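The values are calculated or read from the model by the stated rules, or taken from the named source; none is laboratory data. Everything quoted here is computed from the prediction, not taken from an experiment. Here the Cβ positions follow ideal geometry from the backbone for every residue, glycine too, while neighbour counts run over all protein chains shown. Note: areas computed on protein heavy atoms with side chains; ligands, DNA, RNA excluded. Shrake-Rupley method; radii C 1.70, N 1.55, O 1.52, S 1.80 Å.
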There are 2 protein chains.
Amino acid sequence: MTDTTIGIVGLGLIGGSLGLDLRAQGLRVLGVAQRLATAHQARDRGAVDEAGTELARLAPAGIIFICTPIPAIAPTVAQLAPHLAPETVITDVGSVKQPVLTAIAPLWPNFVGGHPMAGTTAQGIAAAQRQLFANAPYVLTPTPTTPATSVARVAAIVRRLGARLYTCSASEHDRAVAWISHLPLFASAALIAACEGEPDGSVLTLARQLASSGFRDTSRVGGGNPDLGTAIARSNRQELLRALGRYRDTLEDLIAQLEAEDWPALEQWLQETATGRSRYLPPETETACGPR
Amino acid sequence: MTDTTIGIVGLGLIGGSLGLDLRAQGLRVLGVAQRLATAHQARDRGAVDEAGTELARLAPAGIIFICTPIPAIAPTVAQLAPHLAPETVITDVGSVKQPVLTAIAPLWPNFVGGHPMAGTTAQGIAAAQRQLFANAPYVLTPTPTTPATSVARVAAIVRRLGARLYTCSASEHDRAVAWISHLPLFASAALIAACEGEPDGSVLTLARQLASSGFRDTSRVGGGNPDLGTAIARSNRQELLRALGRYRDTLEDLIAQLEAEDWPALEQWLQETATGRSRYLPPETETACGPR
């Protein structure tokens, strides 16, 4: 068992992209997929050195990345545990951390929660790509009982991906991603739903025809994978509800301001949102596609 | 006076891009800017044949595009009118139509309201580009008293830009753009404002660090020009309030669903938003920048 051999369970966009980068770094990558066809496709694409459907084949790995959908993470760890030496570090890539840590604590003490903030709208091994994690945030959420050496071992791999490494508690992570990832998803979905609720058929048709870049960008994450959205809502329900409640309150304040026709206050508020946004996004992320 | 000579007042992104395309079509373009430096820059960029700061120089034009900010449209028409023959068609590019039509009706009967749904985050003559309107929606909003020949003359120009031409009433336009342009702007701004309201400083810092493509896209239009946002809210206040009210109601329903933990209903709802979104956007608009 050595950290030069890496295991990956779940060979989709994230697992496949991880494999491509780690193999390019000279590491040996063993993969497990639910379907044999996916395992073969991952091998053909060069994302893994070997792959199959049995978790037992990951026994030689020093670090194992669980890249399944959130609901499958803990069951996968339970099935994997009997095959592993206790030094093996398991980590995951789930977008919610507290419930994952709680479920896995009794199954595998040598677990380091992780969340790479990278992705595309495409899914599956066919969408896997090199450098997906380069310059993207990658969060680790150790607990007070997580072995420090295990955190360091996962961090060493994350750095090799070129990702920006952050470490925080699972609860801080879940609250922060509720704001910048989960609230945007549901605010965006609600935008689509509200538009579709327009009762005047000719206005609705016109709205659909006139939709342009503003609607495209604002609605993008709300038009994504329903399974993922539901899994996020289930697993981060409290934090999502907190963020949605505050968002609703912000809209109430905005509506009151529009009703009062307080235009200087509105312009000031829009100035603050423009300034506020710049605190979130490194300038280079804006220019990747040219002017938007 | 002939339609082979076109006037443009306001040589920013829209006016400048219009000039570039029309000149490439062999038309003669006369420009007027508020500042002489802008007029010279437009001429140097090839967006106009001649430009200056006096509206009187547009007298030879058959069609004049008013490309100023919304609050300046009617005052510009009032100053322009004494210099024009009655056959001259004036059109505008304002993103709200009913108040513009109402203000201009007593000033210039030969007016055709227009709205090209195109733009970038960049502003000003330096950002002007060829083909900005190609494949973009371009709406004309004639009234029962607008001369049909005038509508046809503006439509002929719009087609030469390669835009997708739509004709509807000003009230239908204003309601439709409230949904797909103005609501997204304020929903997006409220998202930024709500995030910035997080009281826990370490969570707020983390949220800013972790923001990625989902936040970037959903917050983009809410981080735009405060002047434009305020002008839109002022001029389309009733329709924006209607859309915001329905959006707030949609969020209330969503919050209730999350509180009830009705996951099958949530997944169904997200399936509907994913399907709904596809009714708004032609597939090619999604691939312009590759996977997002």
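Could you order the peptides A:10-21, A:140-151 from most to least packed, using the average number of other C-beta atoms within 10 Å per residue?
The densest-packed peptide leads the list: A:10-21, A:140-151.
What average number of partner chain Cβ atoms lie no more than 10 Å from the Cβ of the residues making up A:243-253?
Counting Cβ atoms of other protein chains within 10 Å of each residue's Cβ and averaging gives 6.
Based on the inverse mean of 1/r over its pairs of different Cα atoms, what is the Kirkwood hydrodynamic radius of the stretch A:132-250, in Å? Spell out each step's value before the answer.
Details: mean 1/r = 0.0590 Å⁻¹.
For the stretch A:132-250, the Kirkwood estimate is 16.9 Å.
Which net charge results for the neighbourhood of B:ALA176, defined as the other residues with beta-carbon distances under 10 angstrom from its beta-carbon, given Lys and Arg at +1 and Asp and Glu at -1?
Residues close to B:ALA176 contribute a combined charge of -3.
Label the stretch B:11-64 by shape, choosing from rounded, prolate and oblate, from the square roots a ≥ b ≥ c of the eigenvalues of the Cα gyration tensor; if a/c is under 1.5 it is rounded, and otherwise prolate applies when a/b is larger than b/c, oblate when it is not.
Verdict is oblate for the stretch B:11-64.
Place +1 on the Cβ of every Lys and Arg and -1 on the Cβ of every Asp and Glu in the stretch B:69-222, take the dipole about the Cα centre, and give the residue among B:ALA176, B:THR120, B:LEU210 whose Cα lies farthest towards its positive end.
Farthest towards the positive end: B:THR120.
Report the net charge of residues surrounding A:ARG43, where surrounding means a beta-carbon distance below 14 angstrom and charges are Lys +1, Arg +1, Asp -1, Glu -1.
Taking every Cβ under 14 Å from that of A:ARG43, the sum is +2.
Return the sequence-ordered ³J(HN,Hα) values of the stretch A:229-243 in whole Hz as given by the Karplus equation 6.51 cos²θ - 1.76 cosθ + 1.60 applied to θ = phi - 60°, using x for Gly and Pro.
x, 5, 4, 4, 5, 5, 8, 10, 4, 4, 6, 5, 4, 4, 5
Based on the Kirkwood radius over alpha-carbon pairs, what value in µm²/s does the Stokes-Einstein equation return for the translational diffusion coefficient of chain A at 37 °C and 0.692 mPa s?
157 µm²/s
Over all residues in A:163-174, what is the mean tally of Cβ atoms on other chains that come within 10 Å of each residue's Cβ?
2
Quick one: how many Å² of A:ARG57 are accessible to a 1.4 Å probe, rounded to 10?
80 Å²
For chain A, with only Lys/Arg (+1) and Asp/Glu (-1) charged at the beta-carbon, what is the dipole magnitude about the Cα centre, in debye rounded to 20?
Values: 24 positive and 26 negative charges, 237 e Å.
Magnitude of the dipole: close to 1140 debye.
Using a 1.4 angstrom probe on heavy atoms only, work out the carbon and sulfur share of the accessible area of the stretch A:151-214 in %. Working shown, then result.
Numbers: 930 of 1830 Å².
Its accessible area is 51 percent carbon and sulfur atoms.
Taking the Cα centre of the protein assembly as shown as origin, work out the dipole magnitude from +1 charges on Lys and Arg Cβ and -1 charges on Asp and Glu Cβ, in debye rounded to 20.
Once rounded to the nearest 20, the dipole reads 1500 debye.
Could you state the per residue volume, in Å³, of the convex hull enclosing the Cα atoms of the stretch A:151-192?
Convex hull volume per residue, Cα atoms: 84 Å³.
Helix-only mean residue ellipticity at 222 nm, chain A, DSSP H runs n ≥ 4 weighted -39,500 (n - 2.57), per residue, nearest 500. What is it?
Helix-only estimate at 222 nm: -15000 deg cm²/dmol.
In peptide B:111-120, what is the residue-averaged number of other protein chain Cβ atoms found within 10 Å of each Cβ?
Shielding by partners across B:111-120 averages 2.
How far, in degrees from 0 to 90, does helix A:183-196 lean away from the longest principal axis of the Cα atoms of chain A, to the nearest 10?
Helix A:183-196 sits at roughly 50 degrees to that axis.
Can you list, shortest first and in nm, the gaps between the label point of A:SER278 and those of its counterparts in the other copies, using a point 7 Å from Cα in the C-beta direction?
For A:SER278, the inter-copy label distances come out at 4.0 nm.
Which of B:ALA51, B:ALA61, B:ALA152 moves the most in a Gaussian network model of chain B with Cα springs under 10 Å?
B:ALA152
On a C-alpha basis, how far is the centre of the stretch A:44-86 from the centre of the stretch A:197-264 in Å? Whole number, if you could?
Between the Cα centres of the stretch A:44-86 and the stretch A:197-264 lies a distance of 38 Å.
Can you tell me the relative contact order of the stretch B:9-136? Whole percent, Cα pairs under 8 Å, sequence separation 6 or more.
Working: 231 pairs, mean separation 38.0, N = 128.
Once normalised by length, the contact order is 30 percent.
Please go through the stretch B:16-107 and write out the GluC sites (Glu not before Pro) that DSSP classes as loop and that have at most 11 other C-beta atoms within 10 Å.
Filter output for the stretch B:16-107: B:GLU54.
What gaps in nm, shortest first, separate A:THR4 from its twins in the other copies when you place the label 7 Å past Cα toward the beta carbon?
Output for A:THR4: 7.8 nm, nearest copy listed first.
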